[in-house]
Amino acid sequence: MGAAAEIHANSTNSVQAAVTSAGSGDTIIVDPGTYSENVVISMKTNLLIRSSEGPSSTIVIANNSSYDAFRIQNCNNVTIQGLNITGAGNNRAGVSVYQSLNCKVKDNILHNDALGVYPYYSDYTLISNNTATKDLLAGAGRAVIIEYSNYNTVSGNTVSNNNHGISVSGSNGANVSGNAVSLSAGNGIFLENAINVTLQNNNVSSSGSFGIYLSNSNGNYLRNNNVFNSTNNDINLVLSSGNEVSNNTASNPSRNTNTHAIFLNTSHNNVIRGNEVTNNDYGIAMRYSNGNNLLNNTVSSNNRGIYVAYTSSSNTLSGNQVNSNSYNGIILDNAANNNIVNNIVRLNNGDTSYGIVLGSSSNNNLISNTVSSNRRGVYISSSSSGNTVSGNTVSSNTGHGILLENAGINNNLTGNTASSNGGYGIYLVNSNNTYILNNVAPNNNKGIYVTTSYNSIVSNNTASNNVNDGIMLSLSDNNTISGNTAYNDSFGISLNSSKSNNISGNRMTWSRSAGMFLCAQSRNNLIFNNYLNNTQNVNNKNNASTWNVTKTSGKNVAGGSYVGGNYWGNPVLKNGHSQVYANNDTNGDGLIDVIYTGDNLTDYLPLLEIYVPEPVEPVYPVANFTTNVTSGKAPLSVLFTDSSQNAAGWNWNFGDETGSTDRNTTH
């Protein structure tokens with residue numbers, strides 16, 4: 001085996017001739033000039049082909065455009081470096097690499113080639129720092145196309161004016177990083193049937209279709225890419241699962257209709273984390289996609305923030321900041337069993353916008369989200385059923401806080417704070433069998449408003465400091481309003497044309513107009529065991545409701561041991577019925593013997609407020625004493641002086657079968 005040689009290609013020695021004569025380890029130096037050739041490199045090992053002065057002065061033109069300008073086949077460790085390679089025609093490459101290992105194509109200009117660099121059935125190829133552009137047939141072909149080749153690296157290349165900038169198909173383990181891909185007529189970077197590919201730190205701009213497109217590609221990593229100004233979607237996943245899409249930036253200069261920053265179509269179990277998406281029609285959207293995790297993304301200044309639709313289920317949206325979108329923040333449309341948890345949804349302020357919207361969507365969980373300063377807060381509609389809305393803070397929205405309109409059944413609103421909204425804190429419209437439990441609704445127009453809704457439970461809520469009603473029923477029958485606290489509202493609880501409701505166990509105090517209001521058509525309601533302590537307790541326009549139940553054993557709202565009627569107090573004048581007749585309880589059952597007949601009603605068993613003192617913690621003694629002497633010769637008389645705390649008695653034991661019960665004693 002001879003020593004490695006340097007072979008020059010020049011005007012008298014073609015590149016092909018130099019390749020044919022080269023052995024393993026040789027270097028072919030291509031001198032400046034223009035070479036019209038189709039170079040075939042076959043069965044070579046450890047061969048370097050490089051220009052002497054760089055690609056600006058060293059041009060290789062495909063002599064026959066029907067063939068590759070350079071074809072590497074059945075080789076190992078062949079490098080092509082620093083050339084200007086051009087003229088490869090339809091479906092032909094500037095450099096093709098076939099059934100070869102460890103080859104390198106770097107620092108070249110690939111100009112007007114249908115395909116720039118094309119490894120197929122070739123592993124561990126390095127394609128780096130090349131410029132692949134077109135001005136003839138711009139928008140056709142591909143700058144880098146990898147097919148059925150594994151563990152290739154594509155890094156630091158500048159690619160423009162191709163159909164697809166970089167394409168990876170049927171391949172495993174590629175690393176595509178640090179490339180600048182622009183003005184692709186189709187897709188900037190395209191993965192098809194690819195697995196375990198890393199796309200990282202690429203800049204992809206002005207793609208005619210999609211910026212980054214994954215089709216039938218699983219287990220890939222898209223990290224820290226900047227995707228800008230794609231005609232359709234910036235990052236698009238179709239039939240692609242188990243991918244990670246993290247810390248990317250996706251944006252557009254204008255919000256064109258149906259553009260998506262990140263779009264999942266029939267794609268499952270992907271992680272979409274820490275991305276920043278702005279200025280699209282949709283920020284992040286999915287359809288027919290299940291089990292995805294959307295975590296800690298910033299989705300702002302789009303028309304719509306996050307859109308989950310078309311039977312997408314079991315997805316988790318958590319820790320996202322969804323702010324300043326023109327229409328809605330988070331939308332679930334015909335989507336079930338999703339978890340919307342710990343998101344911040346703010347400043348989505350279009351004329352018809354909401355922070356979070358559920359339409360035709362059931363069995364979803366909305367938990368611990370902050371929904372504030374939007375046009376409206378949370379909206380559930382279109383027969384959406386079985387949803388849980390729990391632990392959310394819904395505040396300072398221009399319109400209503402939480403609105404259920406034409407929703408389905410068994411929606412559960414629990415433990416939310418709906419405060420300082422311009423409309424109603426919690427608003428039910430034509431939505432039945434709803435549970436409104438343990439919510440706090442202060443400083444709204446109305447706290448909780450239920451209209452044209454039936455068979456719902458409104459229980460253990462606090463509605464305070466609202467402009468109008470704390471809790472209001474309108475045109476709503478057969479509901480249960482129990483255990484609520486209404487404080488400093490205009491009316492504590494109001495009934496407008498509402499019948500056959502159960503109003504019990506509520507506390508209505510310091511109402512500015514009246515504790516309760518019943519219009520003339522609010523009839524046949526059962527109103528008992530309520531604590532009314534207001535300057536006017538009831539403004540009652542009919543006498544067709546019942547204001548007590550039969551005396552029944554059990555703790556009542558005023559502290560007594562029997563349930564019957566209601567407590568009637570006045571916090572200012574102290575002249576409420578239950579206060580005036582506080583001594584009229586001959587049998588001590590906590591029910592006043594004098595019937596209440598004011599306010600166009602009769603309460604046969606008004607309540608007496610029973611004071612039950614709080615249990616007192618026991619105070620235990622702490623023993624201590626002093627002596628006048630501490631030592632001496634026997635017999636020695638010692639004075640024992642007590643200094644104990646909380647002592648009620650004394651029992652001295654001196655250890656010689658003698659003792660004393662005096663506080664101070666001598667022994």
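What's the number of the only condition in (1) open to solvent by 20 Å² or more (accessible area, probe 1.4 Å); (2) part of a loop (DSSP other than H, G, I, E, B); (3) at pLDDT 95 or above that Ile59 fails to meet?
(2)
Check Leu101, Leu110, Leu137 and return the single one that is modelled with pLDDT under 95 and either closer than 29 Å to Ser217 by Cβ or touching a helix residue (DSSP H, G or I) at 6+ places or on another chain (Cβ under 7 Å) (or both). Give the steps one after another, and end with the answer.
Numbers: Leu101 fails: modelled with pLDDT under 95; Leu110 fails: modelled with pLDDT under 95.
Of the residues listed, the single one that is modelled with pLDDT under 95 and either closer than 29 Å to Ser217 by Cβ or touching a helix residue (DSSP H, G or I) at 6+ places or on another chain (Cβ under 7 Å) (or both) is Leu137.
Of all residues in region 186-202, count the ones that are outside any strand (DSSP E or B) and surrounded by fewer than 19 Cβ atoms within 10 Å (Cβ to Cβ). Lay out the reasoning, then the answer.
Of the residues in region 186-202, the ones outside any strand (DSSP E or B) are 186-188, 193-194, 196-197, 201-202.
After this cut, where a residue has to be surrounded by fewer than 19 Cβ atoms within 10 Å (Cβ to Cβ) as well, the list is 193, 196, 201.
Matching residues across region 186-202 total 3.
For Tyr567, are the conditions met, namely being at pLDDT 95 or above, on the phi < 0 side of the Ramachandran plot, aromatic (Phe, Trp, Tyr) and more than 51 Å from the chain's Cα centre (by Cα)? Before the answer, list the steps.
On the way: at pLDDT 95 or above: yes; on the phi < 0 side of the Ramachandran plot: yes; aromatic (Phe, Trp, Tyr): yes; more than 51 Å from the chain's Cα centre (by Cα): no.
Considered against the rule, which asks whether it is at pLDDT 95 or above, on the phi < 0 side of the Ramachandran plot, aromatic (Phe, Trp, Tyr) and more than 51 Å from the chain's Cα centre (by Cα), Tyr567 comes out as no.
Any chance region 151-164 includes a residue that's more than 28 Å from Val299 (Cα to Cα), among the hydrophobic types (A, V, I, L, M, F, W, C) and crowded, with 24+ Cβ neighbours inside 10 Å?
Here is the first cut: in region 151-164, the ones more than 28 Å from Val299 (Cα to Cα) are 151-163.
With among the hydrophobic types (A, V, I, L, M, F, W, C) added as a condition, the list becomes 154, 159.
Cutting the leftovers down to crowded, with 24+ Cβ neighbours inside 10 Å gives us 154, 159.
Checked region 151-164: at least one residue is more than 28 Å from Val299 (Cα to Cα), among the hydrophobic types (A, V, I, L, M, F, W, C) and crowded, with 24+ Cβ neighbours inside 10 Å.
Looking at (1) open to solvent by 40 Å² or more (accessible area, probe 1.4 Å); (2) within 23 Å of Leu115 (Cα to Cα); (3) in contact with a Phe, Trp or Tyr (Cβ under 9 Å, 6 or more places away or on another chain), find the lone condition where Asn90 falls short.
Only one criterion in (1) open to solvent by 40 Å² or more (accessible area, probe 1.4 Å); (2) within 23 Å of Leu115 (Cα to Cα); (3) in contact with a Phe, Trp or Tyr (Cβ under 9 Å, 6 or more places away or on another chain) is unmet by Asn90, namely (3).
Out of all the residues in region 166-180, which are more than 31 Å from the chain's Cα centre (by Cα) and among the β-branched types (Val, Ile, Thr)?
Ile166, Val168 - these are the residues of region 166-180 that are more than 31 Å from the chain's Cα centre (by Cα) and among the β-branched types (Val, Ile, Thr).
Just to be sure I understand the filter: pairs with C-beta atoms under 9 Å, separated by 6 or more residues or on different chains, first member in region 60-85 and under 17 Å from Ala114 (Cβ atoms), second member open to solvent by 60 Å² or more (accessible area, probe 1.4 Å) and of a type in the set (Gly, Ala, Ser). Which pairs pass?
What qualifies is Val60/Ser36; Ile61/Ser36; Ala62/Ser36; Asn63/Ser36; Asn84/Ser56.
What do you reckon, is Pro571 surrounded by 10 or more Cβ atoms within 10 Å (Cβ to Cβ) and either of a type in the set (Lys, Arg) or assigned to a loop (DSSP other than H, G, I, E, B) (or both)? Let's see the steps before the verdict.
Working: surrounded by 10 or more Cβ atoms within 10 Å (Cβ to Cβ): yes; either of a type in the set (Lys, Arg) or assigned to a loop (DSSP other than H, G, I, E, B) (or both): yes.
It is true that Pro571 is surrounded by 10 or more Cβ atoms within 10 Å (Cβ to Cβ) and either of a type in the set (Lys, Arg) or assigned to a loop (DSSP other than H, G, I, E, B) (or both).
What are the residues in region 50-89 that are over 53 Å from the mean Cα position of the chain (by Cα) and within 15 Å of Ser14 (Cβ to Cβ), if any?
Ser51, Thr58, Ile59, Val60, Ile61, Ala62, Asn63, Asn64
Every residue, every condition in (1) of a type in the set (D, E, K, R); (2) buried (at least 18 other Cβ atoms within 10 Å of the Cβ); (3) more than 15 Å from Asp333 (Cα to Cα), yes or no:
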position: Gly350; (1), (2), (3): no, no, yes
position: Tyr354; (1), (2), (3): no, yes, no
position: Gly408; (1), (2), (3): no, yes, no
position: Ser419; (1), (2), (3): no, yes, yes
position: Leu428; (1), (2), (3): no, yes, yes
position: Lys446; (1), (2), (3): yes, yes, yes
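Is it the case that region 511-522 has a residue that's closer than 24 Å to Ser390 by Cα and either in contact with a Gly (Cβ under 7 Å, 6 or more places away or on another chain) or open to solvent by 50 Å² or more (accessible area, probe 1.4 Å) (or both)?
First pass over region 511-522, keeping only residues closer than 24 Å to Ser390 by Cα: none.
No, region 511-522 has no match at all.
Can you spot a residue in region 160-176 that is at pLDDT 95 or above, of a type in the set (Val, Ile, Thr) and in contact with an Asp or Glu (Cβ under 8 Å, 6 or more places away or on another chain)?
yes
Restricting attention to region 329-378, report how many residues are in a strand (DSSP E or B) and either over 15 Å from Val308 (Cα atoms) or of a type in the set (Ser, Thr, Tyr) (or both).
Narrowing region 329-378 to residues in a strand (DSSP E or B): 330-333, 336, 339-341, 344-346, 356-359, 365-367, 370-372, 378.
Pick out the ones that are also either over 15 Å from Val308 (Cα atoms) or of a type in the set (Ser, Thr, Tyr) (or both) and you get 344-346, 367, 370-372, 378.
The total comes to 8.
Quick one: which residue in Gly470, Gly425 is of a type outside the set (Val, Ile, Thr), at negative phi and in contact with an Asp or Glu (Cβ under 6 Å, 6 or more places away or on another chain)?
Working: Gly425 fails: in contact with an Asp or Glu (Cβ under 6 Å, 6 or more places away or on another chain).
Of the residues listed, the single one that is of a type outside the set (Val, Ile, Thr), at negative phi and in contact with an Asp or Glu (Cβ under 6 Å, 6 or more places away or on another chain) is Gly470.
Look at Ser177 and say whether it is under 22 Å from Asn248 (Cα atoms) and open to solvent by 10 Å² or more (accessible area, probe 1.4 Å). Can you show your working first?
Details: under 22 Å from Asn248 (Cα atoms): yes; open to solvent by 10 Å² or more (accessible area, probe 1.4 Å): yes.
Judged against the criteria, Ser177 is a match.
Could you list, in sequence order, all residues of region 301-320 that are farther than 19 Å from Asn252 by Cα and either open to solvent by 10 Å² or more (accessible area, probe 1.4 Å) or without any contact (Cβ under 8 Å) to a residue 24 or more places away in the chain (or both)?
Tyr310, Thr311, Ser313, Ser314, Thr316, Ser318, Gly319
Residue under question is Gly208, and the condition is that it be in contact with a strand residue (DSSP E or B) (Cβ under 9 Å, 6 or more places away or on another chain) and not in a strand (DSSP E or B); does it hold? Lay out the reasoning, then the answer.
Details: in contact with a strand residue (DSSP E or B) (Cβ under 9 Å, 6 or more places away or on another chain): no; not in a strand (DSSP E or B): yes.
No.
Which is out of contact with any strand residue (DSSP E or B) (no Cβ under 7 Å at 6 or more places or on another chain) and surrounded by fewer than 24 Cβ atoms within 10 Å (Cβ to Cβ), of Leu136, Leu126? Lay out the reasoning, then the answer.
Numbers: Leu126 fails: out of contact with any strand residue (DSSP E or B) (no Cβ under 7 Å at 6 or more places or on another chain).
When all the criteria are applied, what remains is Leu136.
For region 237-254, does any single residue satisfy the condition of being open to solvent by less than 50 Å² (accessible area, probe 1.4 Å) and among the charged types (D, E, K, R)?
Looking for residues that are open to solvent by less than 50 Å² (accessible area, probe 1.4 Å) and among the charged types (D, E, K, R), one finds at least one in region 237-254, hence yes.
So Glu37 passes all but one of these: (1) open to solvent by less than 40 Å² (accessible area, probe 1.4 Å); (2) without any contact (Cβ under 8 Å) to a residue 24 or more places away in the chain; (3) of a type outside the set (Gly, Ala, Ser). Which condition number does it fail?
(2)
State whether one or more residues within region 578-591 are part of a strand (DSSP E or B) and touching a residue at least 40 places away in the same chain (Cβ under 8 Å). Spell out how you get there, then give the answer.
Going residue by residue through region 578-591, those that are part of a strand (DSSP E or B) are 591.
Retained after the next criterion (residues that are touching a residue at least 40 places away in the same chain (Cβ under 8 Å)): 591.
Within region 578-591, one or more residues are part of a strand (DSSP E or B) and touching a residue at least 40 places away in the same chain (Cβ under 8 Å).
Considering only region 125-138, how many residues are out of contact with any Ser or Thr (no Cβ under 8 Å at 6 or more places or on another chain) and on the phi > 0 side of the Ramachandran plot? Step through it out loud before you land on a result.
So in region 125-138, the residues out of contact with any Ser or Thr (no Cβ under 8 Å at 6 or more places or on another chain) come out as 135-138.
Cutting the leftovers down to on the phi > 0 side of the Ramachandran plot gives us 137.
Total meeting the criteria: 1.
Can you give me the number of residues within region 140-150 that are open to solvent by less than 20 Å² (accessible area, probe 1.4 Å) and either out of contact with any strand residue (DSSP E or B) (no Cβ under 6 Å at 6 or more places or on another chain) or within 19 Å of Ser42 (Cα to Cα) (or both)? Spell out the reasoning first.
Taking region 140-150 as the starting set, the residues that turn out to be open to solvent by less than 20 Å² (accessible area, probe 1.4 Å) are 143-146, 149.
Checking which are either out of contact with any strand residue (DSSP E or B) (no Cβ under 6 Å at 6 or more places or on another chain) or within 19 Å of Ser42 (Cα to Cα) (or both) leaves us with 149.
Total satisfying the criteria: 1.
Which residue, of Gly632, Gly590, Gly559, is exposed (fewer than 13 other Cβ atoms within 10 Å of the Cβ) and on the phi > 0 side of the Ramachandran plot?
Working: Gly590 fails: exposed (fewer than 13 other Cβ atoms within 10 Å of the Cβ); Gly559 fails: exposed (fewer than 13 other Cβ atoms within 10 Å of the Cβ).
Result: Gly632 is the single residue among Gly632, Gly590, Gly559 that is exposed (fewer than 13 other Cβ atoms within 10 Å of the Cβ) and on the phi > 0 side of the Ramachandran plot.
If the requirement is being over 23 Å from Ser362 (Cα atoms) and of a type outside the set (Lys, Arg), which of these qualifies: Asn461, Asn479, Asn438, Asn433?
Among Asn461, Asn479, Asn438, Asn433, only Asn461 is over 23 Å from Ser362 (Cα atoms) and of a type outside the set (Lys, Arg).
Restricting to region 255-280, and then to whatever is assigned to a loop (DSSP other than H, G, I, E, B) and either free of Cβ contacts under 8 Å to residues at least 24 places away in the same chain or open to solvent by less than 10 Å² (accessible area, probe 1.4 Å) (or both), can you tell me which residue is nearest to Tyr327 (Cα to Cα)?
Within region 255-280, the subset assigned to a loop (DSSP other than H, G, I, E, B) is 255-259, 266-270, 274-275, 279-280.
If we keep only those that are either free of Cβ contacts under 8 Å to residues at least 24 places away in the same chain or open to solvent by less than 10 Å² (accessible area, probe 1.4 Å) (or both) as well, we get 259, 267, 270, 275, 280.
Values: Thr259: 15, Ser267: 25, Asn270: 26, Asn275: 20, Asn280: 12 Å.
By that ranking, first place goes to Asn280.
The values are calculated or read from the model by the stated rules, or taken from the named source; none is laboratory data. These numbers come from a predicted model, not from an experiment. We place every Cβ from the backbone using ideal geometry, glycine too, and count neighbours over all the protein chains shown. All accessible areas refer to the heavy atoms of the entire protein, side chains included, with ligands and DNA or RNA removed. Shrake-Rupley method; radii C 1.70, N 1.55, O 1.52, S 1.80 Å.
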